[in-house]
Each structure stands twice: as C-alpha cells, then as structure tokens.
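*Asks:* The structure's right below; bear with me while I get my questions together.
The values are calculated or read from the model by the stated rules, or taken from the named source; none is laboratory data. It should be emphasised that the depicted structure is a prediction, and the values quoted were computed from it without experimental measurement. Glycine gets a Cβ as well: all are built from the backbone with ideal geometry, and neighbour counts include every protein chain shown. The accessibility values were calculated without ligands, DNA or RNA, using every heavy atom of the protein model including side chains. Shrake-Rupley method; radii C 1.70, N 1.55, O 1.52, S 1.80 Å.
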Amino acid sequence: MCCVHNSDKESNLKQTSLILMASLVMVGTASAATRTVCSGGCDYSNIQDAINASSSGDTITISAGTYSEHGLQTLGKNVTIEGTLNSDGSLATTIDGEGAGSVFDLRVSGGGARPVFKNLVITGGSADYGGGIYCKDATVRVIGCEIDGNTSIKGGGGIYCGKDGSVLIRDCTVSNNSATDSSNAHGGGVWCDQLGVTTIALCTVQGNTAYSGGGVSCNGSVSISSCDISSNVATGGGGGISVGSAYIVIVYDCDI
C-alpha cells in the first residue's frame with residue numbers, strides 16, 4: 001500500500017504553485033513589447049500612434065530628436081515612454097507642445113493608469129492646468145526628465161497633479177515654468193492639488209514663477225527630499241514652496 005503524507009502534499013502544492021507562478025511571469029514577459037519612434041525607419045513616426053498600438057507593460061522608445069506633439073494620452077495603459085541619451089548622458093529626446101496644449105494630458109486616460117515618463121525633455125506645453133504634464137486619477141512616474149519652459153494659466157506650469165492623481169518626480173529638473181494668472185495661479189513648477197499625492201526626490205526645481213508657490217504649491221500631500229529649490233518667484237507668497245490646505249507635507253535634506 002502506498003500513502004502520501006501531509007508533508008508530501010504540501011511539497012507537491014508548493015511545487016505546483018511555483019510552476020504556476022513561473023508560467024505567469026513568462027506569459028507576462030512574453031506579452032510585453034518594445035515599440036520604437038523616430039522620424040523614419042522605425043515602428044512609428046509619432047508618439048501617440050505608438051501609444052495607441054501598445055498594451056500595458058510595453059515600452060515605447062523614442063529616438064533622439066524633437067517631436068512636436070501635445071495632448072498625449074496614455075489611454076489608461078501602464079506603459080513606459082522613454083527617451084534616448086546622448087553619449088555624455090544628456091537627454092537627446094525632446095517633446096515640444098508648441099503652445100498648443102499640455103504635452104501629456106492624463107485627464108481622459110482612465111482611472112488607475114500608471115505610466116512612466118523617462119529621460120525626456122518636456123517643453124512648450126501650455127494649458128489652463130499642467131502645461132507640461134496634467135495628471136488626474138492616474139499614478140505617474142517621471143524619472144530623469146527635464147520639465148522646462150511650460151506654462152499654465154491657473155496652476156502647475158510644469159506639472160499638475162489633481163483629484164486622486166499621484167505623481168513621483170525623481171532625478172528631474174523642473175525649471176523655467178510659469179503659472180500666469182497674476183492673482184490666483186499656483187505652482188509655477190509643480191502643483192499638488194485636492195487629493196493628489198506628490199513625491200519629489202533628487203530634483204532641481206529652479207527659475208519657476210507663479211502667484212503662489214513659485215517652485216511647488218501643495219493642496220494635497222507632498223514629500224520633498226534631497227532637492228535644490230532655488231531662484232523661484234511668487235508674487236503672492238511662497239517663492240520656493242507654498243502650503244495651502246495640505247494634508248501632509250514632509251520636506252527634508254533640501255536646499256531652499
């Protein structure tokens with residue numbers, strides 16, 4: 001007579017679980033794709049077409065050059081949109097909104113989106129809110145980017161994070177952005193509004209202007225660490241950082 005002890009059953013279950021987990025990982029890895037964007041000879045010649053064709057988990061790699069696009073929507077997909085570096089490590093990929101709207105506009109991308117923007121120069125965006133990046137009901141990670149020379153009327157010249165949106169800004173330069181309403185504009189560089197959660201780490205926030213919070217304005221929850229926040233201007237208050245009805249504000253290891 002043959003019998004199976006409880007320990008044997010547990011071992012078999014563990015082995016089956018490991019095999020199933022490995023299979024799921026392999027399926028997830030196999031389904032991810034890399035899509036390339038360039039002026040000629042790549043999968044796509046513009047960024048939005050590449051996003052439209054992508055699925056969550058895909059990476060969109062953009063070749064060196066300047067791409068004149070605005071209102072880019074990630075459509076609720078968890079994609080990585082990544083620029084190219086020069087041989088010296090500087091950024092070689094620029095997305096220029098040319099004053100026609102937010103460069104990235106995530107207000108219509110669907111709740112729960114978790115895109116990553118990496119190694120990009122984001123410039124020339126202009127909108128009521130969030131000239132460079134408008135984030136709403138999405139979790140956005142902005143890594144190694146330059147958010148430079150964008151404008152908004154009401155707030156978040158560089159980046160606006162509102163409602164249930166959250167944004168991580170890491171190893172970035174947020175500079176020369178402006179919120180232009182002379183009596184009520186918030187966050188020339190970054191505006192964390194309503195229930196938004198903003199984390200800013202290892203960044204330079206410099207040369208931004210607004211009525212309130214030239215560099216950063218907080219009306220949600222924000223953590224700022226290891227940053228240089230300097231040469232920002234606010235005519236109404238908070239040249240570096242302005243705090244309104246914020247829930248949590250943590251600032252440490254920063255030069256302000």
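*Asks:* Kindly indicate which of 152, 221, 178 is over 19 Å from residue 95 (Cβ atoms) and touching a strand residue (DSSP E or B) at 6+ places or on another chain (Cβ under 9 Å). Can you show your working first?
*Replies:* Details: 152 fails: over 19 Å from residue 95 (Cβ atoms); 178 fails: over 19 Å from residue 95 (Cβ atoms).
Exactly one of 152, 221, 178 is over 19 Å from residue 95 (Cβ atoms) and touching a strand residue (DSSP E or B) at 6+ places or on another chain (Cβ under 9 Å), namely 221.
*Asks:* Out of all the residues in the range 24-37, is one or more in a loop (DSSP other than H, G, I, E, B) and either farther than 27 Å from residue 99 by Cβ or modelled with pLDDT under 50 (or both)?
*Replies:* Keep residues of the range 24-37 that are in a loop (DSSP other than H, G, I, E, B), which gives 32-33.
After this cut, where a residue has to be either farther than 27 Å from residue 99 by Cβ or modelled with pLDDT under 50 (or both) as well, the list is 32-33.
Yes, because at least one residue in the range 24-37 is in a loop (DSSP other than H, G, I, E, B) and either farther than 27 Å from residue 99 by Cβ or modelled with pLDDT under 50 (or both).
*Asks:* Quick check on residue 87: is it among the hydroxyl-bearing types (Ser, Thr, Tyr), assigned to a loop (DSSP other than H, G, I, E, B) and open to solvent by 10 Å² or more (accessible area, probe 1.4 Å)? Working first, answer last.
*Replies:* Working: among the hydroxyl-bearing types (Ser, Thr, Tyr): yes; assigned to a loop (DSSP other than H, G, I, E, B): yes; open to solvent by 10 Å² or more (accessible area, probe 1.4 Å): yes.
Judged against the criteria, residue 87 is a match.
*Asks:* Okay, next question. Looking only at the range 105-140, count how many residues are under 14 Å from residue 192 (Cα atoms), in contact with a Leu (Cβ under 9 Å, 6 or more places away or on another chain), open to solvent by 10 Å² or more (accessible area, probe 1.4 Å) and modelled with pLDDT of 90 or more.
*Replies:* 1
*Asks:* Go over the candidates 226, 212, 217 one by one and state the one that is open to solvent by 40 Å² or more (accessible area, probe 1.4 Å) and among the polar types (S, T, N, Q). So that I can check it myself, show each step before the final result.
*Replies:* On the way: 212 fails: open to solvent by 40 Å² or more (accessible area, probe 1.4 Å); 217 fails: open to solvent by 40 Å² or more (accessible area, probe 1.4 Å).
Within the list 226, 212, 217, the selection yields 226.
*Asks:* Write out, first by first residue and then by second, each pair whose Cβ atoms fall under 6 Å of each other, whose residues are 6+ apart or on separate chains, and whose first residue, in the range 38-61, is of a type in the set (A, V, I, L, M) while the second is in a helix (DSSP H, G or I).
*Replies:* Partner pairs satisfying both residue conditions: 60/50.
*Asks:* Among the listed residues 200, 250, which satisfies the condition of being outside any loop (DSSP other than H, G, I, E, B) and closer than 23 Å to residue 125 by Cβ? Reasoning before the result, please.
*Replies:* On the way: 250 fails: closer than 23 Å to residue 125 by Cβ.
That would be 200, the only listed residue that is outside any loop (DSSP other than H, G, I, E, B) and closer than 23 Å to residue 125 by Cβ.
*Asks:* Hey, another quick one. State whether one or more residues within the range 165-182 are within 19 Å of the chain's Cα centre (by Cα) and surrounded by fewer than 17 Cβ atoms within 10 Å (Cβ to Cβ).
*Replies:* There is at least one residue in the range 165-182 that is within 19 Å of the chain's Cα centre (by Cα) and surrounded by fewer than 17 Cβ atoms within 10 Å (Cβ to Cβ).
*Asks:* Do the conditions hold for residue 204, that is, is it out of contact with any Asp or Glu (no Cβ under 8 Å at 6 or more places or on another chain), surrounded by fewer than 21 Cβ atoms within 10 Å (Cβ to Cβ) and closer than 17 Å to residue 145 by Cβ?
*Replies:* Details: out of contact with any Asp or Glu (no Cβ under 8 Å at 6 or more places or on another chain): no; surrounded by fewer than 21 Cβ atoms within 10 Å (Cβ to Cβ): yes; closer than 17 Å to residue 145 by Cβ: yes.
No.
Here is a yes/no grid of residues against (1) of a type in the set (Gly, Ala, Ser); (2) outside any loop (DSSP other than H, G, I, E, B):
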residue	(1), (2)
98	no, no
102	yes, no
128	no, yes
135	no, yes
141	no, yes
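*Asks:* If you go through the range 43-79, how many residues are open to solvent by less than 50 Å² (accessible area, probe 1.4 Å) and not in a strand (DSSP E or B)? Spell out the reasoning first.
*Replies:* Of all residues in the range 43-79, those open to solvent by less than 50 Å² (accessible area, probe 1.4 Å) come to 46-48, 50-51, 53-54, 57-63, 65, 67, 69, 71-72, 74, 76-77, 79.
Now restrict to residues that are not in a strand (DSSP E or B): 46-48, 50-51, 53-54, 57-58, 63, 69, 71, 74, 76-77, 79.
Number of matching residues: 16.
*Asks:* I'd like the full set of residues that are modelled with pLDDT under 95 and either touching a Lys or Arg at 6+ places or on another chain (Cβ under 6 Å) or of a type in the set (S, T, N, Q) (or both), limited to the range 88-103.
*Replies:* Matches in the range 88-103: none.
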